[in-house]
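Participant: Can you read through this structure? Questions will come right after.
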Amino acid sequence: MSILTIALLVSSLIGANAQGALYSQCGGAGWTGTTSCVSGACCTYSNDYYSQCLPCAQSDTRAVTTATTPNTLTTVRSATSAVASATGSFNNPVLWEDLADLDVFRVDDVFYYSASTMHYSPGAPILRSYDLVNWEYIGHSVPSLSWSSKYDLTSNQRAYVKGIWASTMRYRAKDNKWYWIGCIEFGTTYVYTASSVTGPWTLTATLNTCFYDAGLLIDDDGTMYVAYGNTKLSVAQLSSDGKSIVKTQQIYDSTNSQGTLEGSRMYKRNGQYYILVTHPANQEWVLKASSPFGSYSIKVLANSISPPVSGGGNPHQGGLIDTSSGNWYYMAFEDAYPGGRIPVLAPVTWGSDGFPTLTTSGGGWGKSYPMPLASHPVTSTIGTDSFSGTALGPAWEWNHNPDTSKFSVNNGLTLKTATVTNDLYQARNTLTHRIRGPISTATIKLDTTNMAAGDRAGLALFRDQSGWIGVKNDGGTLTVAMTNNILMNTDWTTKNTGSTVASAGVSKGTIYLRGTVNINPGSGRTGSFSYSTDGTTFKSLGSSITLNNDWQFFMGYRWGIFNYATSALGGSVQVASFTQTVS
């Protein structure tokens with residue numbers, strides 16, 4: 001039975017005369033339940049497919065939709081989604097997910113977003129938007145981290161905090177091709193290309209020069225330039241096919257002026273060339289010249305700007321983006337650990353000196369601004385994934401490269417054990433999903449029928465300090481257990497494999513595992529776990545875990561679905577669904 005069918009059955013049981021509780025659904029395509037809310041809440045439009053009972057102050061007063069049900073209605077949107085309000089504004093962050101080192105650009109009337117993923121595979125996610133505010137995942141530029149066997153988590157090797165750092169992506173109309181360029185581990189630069197943005201993407205060139213923190217510009221005549229470097233900044237010109245370097249030249253040295261500058265993004269406007277660079281982690285500078293190779297003048301764009309999300313860092317890095325009507329915006333990220341680095345958007349204007357100026361609010365980055373364009377809702381990044389079809393959706397990424405023989409998708413996700421280990425950090429085929437802030441609840445429906453003795457399977461809060469709830473099969477006896485204190489050293493080796501702090505007996509079969517986590521920026525944020533045997537009544541298990549909000553791991557906390565063996569391979573579990581809601 002599909003999620004949609006269940007939802008419709010539930011709504012018919014509730015009856016049209018009931019009032020929706022706060023944060024419950026109250027409308028959308030195919031909705032047959034109540035369209036009224038309890039006192040103090042208003043039925044609020046999110047998109048044509050979903051309306052929600054929200055505090056009336058947050059309401060969008062557009063008409064509630066109960067139109068014909070579309071085939072793909074499986075997701076919802078949250079109260080914190082960045083959609084246009086009745087006054088035509090959006091809230092920052094535009095998407096409360098860990099999407100760092102962003103590179104955003106426009107092709108015709110569509111915007112695209114590429115981000116860092118480090119040790120997660122596939123790498124370099126691609127998101128799409130039609131209004132710069134509502135974003136959906138559509139693919140990845142790097143299908144596999146194929147540069148070294150350590151990215152496979154085999155032979156006691158690992159590649160945590162390596163892999164894809166700040167990289168760049170663009171479309172070149174001259175050859176109707178999409179390009180992704182990134183330097184891996186400060187050594188080799190790889191060029192991936194595709195004829196369609198959704199792939200397939202293939203490795204087409206390897207360059208022996210490291211384009212550290214690369215920013216690609218496609219000039220008016222199709223010539224490709226790449227700005228890159230740390231403090232000693234350079235620009236390279238690529239060959240016409242993008243497979244080799246024609247020329248590279250240092251264009252700026254900030255050693256004795258701004259100090260460290262990195263995170264290059266390169267643009268052209270009105271015949272002038274611009275390179276945006278960041279002084280981590282609080283400033284953004286703009287270089288300007290009449291030639292790609294200089295000479296460049298420089299001016300600050302953002303200097304210790306207070307963030308829109310309280311408790312986070314100063315917005316920095318990122319890049320400029322224009323709309324087809326000629327309006328310009330700066331999208332940066334805000335350090336918001338333990339959740340990671342989240343994208344924030346603000347308008348810019350251009351001065352008579354040819355440099356951009358950030359539009360602030362009360363001297364800081366605005367919590368909200370007018371919508372750049374008419375709101376265009378897209379597939380939500382939250383809701384329920386029932387793993388329909390035969391492939392994972394584009395929001396999913398594995399911890400390191402997976403063993404593709406040990407999982408399958410066929411109207412459900414089957415995870416066979418892929419590693420014999422006691423160490424979650426060394427277990428292959430842990431499937432991860434970004435956590436949606438500020439407070440997220442994730443639930444998986446798990447079938448443990450085919451677990452083997454010694455197997456561990458469940459749902460983790462995954463980072464360098466982790467915890468999980470899962471099912472343990474010890475000699476044929478099954479328990480649901482909460483494990484805490486799974487720790488890494490500062491060199492990302494394992495310090496502690498964790499200990500079980502609470503458990504309860506369960507039978508083989510279906511179990512629902514749930515985690516709830518607060519990823520508002522700051523220290524002392526916590527996560528907790530619970531379980532259910534019927535999907536309705538959940539029991540808390542164990543104590544809360546305190547999240548690590550240090551930045552050194554770079555990537556924020558994620559949900560992780562795992563299944564590993566401690567005795568022998570051969571067991572498996574099936575994940576029927578993953579549901580994420582936010583508050």
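Participant: Please report, as a whole percent, how much of the solvent-accessible surface of the chain comes from carbon and sulfur atoms (probe radius 1.4 Å).
Facilitator: That fraction is 47 percent.
Participant: Right, here's the next one. Decide, for the chain, between rounded, prolate and oblate: order the square roots of the alpha carbon gyration tensor eigenvalues as a ≥ b ≥ c, take rounded if a/c falls under 1.5, and otherwise choose prolate if a/b is larger than b/c, else oblate.
Facilitator: Oblate, since a/c reaches 1.5 and b/c is not below a/b.
Participant: Can you tally the net charge around residue 121? Count Lys and Arg as +1, Asp and Glu as -1, for every other residue whose Cβ sits under 10 Å from the Cβ of residue 121. Mind dumping the intermediate values first?
Facilitator: On the way: positive: none; negative: 152, 397.
After counting each charged neighbour, the total is -2.
Participant: Would region 424-583 count as rounded, prolate or oblate if I go by the C-alpha gyration tensor, calling it rounded below 1.5 in a/c and otherwise prolate when a/b exceeds b/c, oblate otherwise?
Facilitator: Working: a/c = 1.81, a/b = 1.30, b/c = 1.39.
It comes out oblate by the Cα gyration axes.
Participant: Order of 486-492, 235-241 by packing, highest average Cβ count within 10 Å first? Don't skip to the end; give the middle numbers.
Facilitator: On the way: 486-492: 14.9, 235-241: 18.4.
Top of the packing list down: 235-241, 486-492.
Participant: Okay, moving on. Per DSSP H run of n ≥ 4, the term is -39500 (n - 2.57); total these for the chain, divide by its residue number, and report the mean residue ellipticity at 222 nm rounded to 500 deg cm²/dmol.
Facilitator: Values: 1 runs with 12 residues, N = 583.
Taking each H run of at least 4 residues, the total per residue is -500 deg cm²/dmol.
Participant: If I take every Cα pair under 8 Å that is 6 or more residues apart in region 445-519, average their sequence separation and divide by the length, what percent do I get for the relative contact order? The partial results should precede the final answer.
Facilitator: Working: 152 pairs, mean separation 24.6, N = 75.
Dividing the mean separation by the residue count of region 445-519 yields 33 percent.
Participant: If we count every other residue with Cβ under 12 angstrom of residue 474's Cβ, Lys/Arg +1 and Asp/Glu -1, where does the sum land?
Facilitator: +1
Participant: Residues with amide H under 5 Å of residue 306's amide H, sequence separation 5 or more or different chain, H placed in the peptide plane at 1.01 Å from N; which?
Facilitator: 365
Participant: Related question: Taking the Cβ of residue 456 as the center, what net charge do the other residues with Cβ under 11 Å away carry, scoring Lys and Arg +1 and Asp and Glu -1? Before the final figure, lay out each step's value.
Facilitator: Working: positive: 472; negative: 423, 455, 474.
Here the count lands on -2.
Participant: Give me a comma-separated list of calculated 3J(HN,Hα) values for region 433-445, in order, Karplus coefficients 6.51, -1.76, 1.60 applied at θ = phi - 60°, integers in Hz, x for any Gly or Pro.
Facilitator: Running phi through 6.51 cos²θ - 1.76 cosθ + 1.60 with θ = phi - 60° gives 9, 4, 8, 8, x, x, 10, 10, 10, 10, 9, 10, 9 Hz.
Participant: Let me ask another. Output needed for region 227-335: three equivalent-ellipsoid semi-axes, defined as square roots of 5 times the C-alpha gyration tensor eigenvalues, in descending order, whole Å.
Facilitator: On the way: eigenvalues 124, 61, 33 Å².
Calculated on Cα positions only, the semi-axes equal 25, 17, 13 Å.
Participant: Quick one: which residues, 5+ away or cross-chain, put their amide H under 5 Å from the amide H of residue 117? H built at 1.01 Å from N.
Facilitator: So residue 117 has HN proximity to 124, 164.
Participant: Once you order the gyration tensor axes a ≥ b ≥ c over the Cα atoms, which shape class does region 302-425 get: rounded for a/c under 1.5, otherwise prolate or oblate by comparing a/b with b/c?
Facilitator: Working: a/c = 3.08, a/b = 2.08, b/c = 1.48.
It is prolate, given that a/c is not under 1.5 and a/b is the larger ratio.
Participant: Still on this model: Which value, in Å², gives the accessible area per residue of the chain when a 1.4 Å probe is used on the protein heavy atoms?
Facilitator: Values: 21330 Å² over 583 residues.
Dividing the accessible area of the chain by its residue count gives 37 Å².
Participant: If I fit a long axis through the Cα atoms of helix 3-14 and take the longest principal axis of the Cα atoms of the chain, what angle between them do I get, 0 to 90°, rounded to 10?
Facilitator: Long axis of 3-14 versus the principal axis of the chain: about 60 degrees.
The values are calculated or read from the model by the stated rules, or taken from the named source; none is laboratory data. Just so it is clear, the model here is predicted, and its values are computed rather than measured. Because the Cβ atoms are built from the backbone with ideal geometry, glycine has one as well, and the counts that use them run over all protein chains shown. Surface accessibility is based on the protein's heavy atoms, side chains included, excluding ligands, DNA and RNA. Shrake-Rupley method; radii C 1.70, N 1.55, O 1.52, S 1.80 Å.
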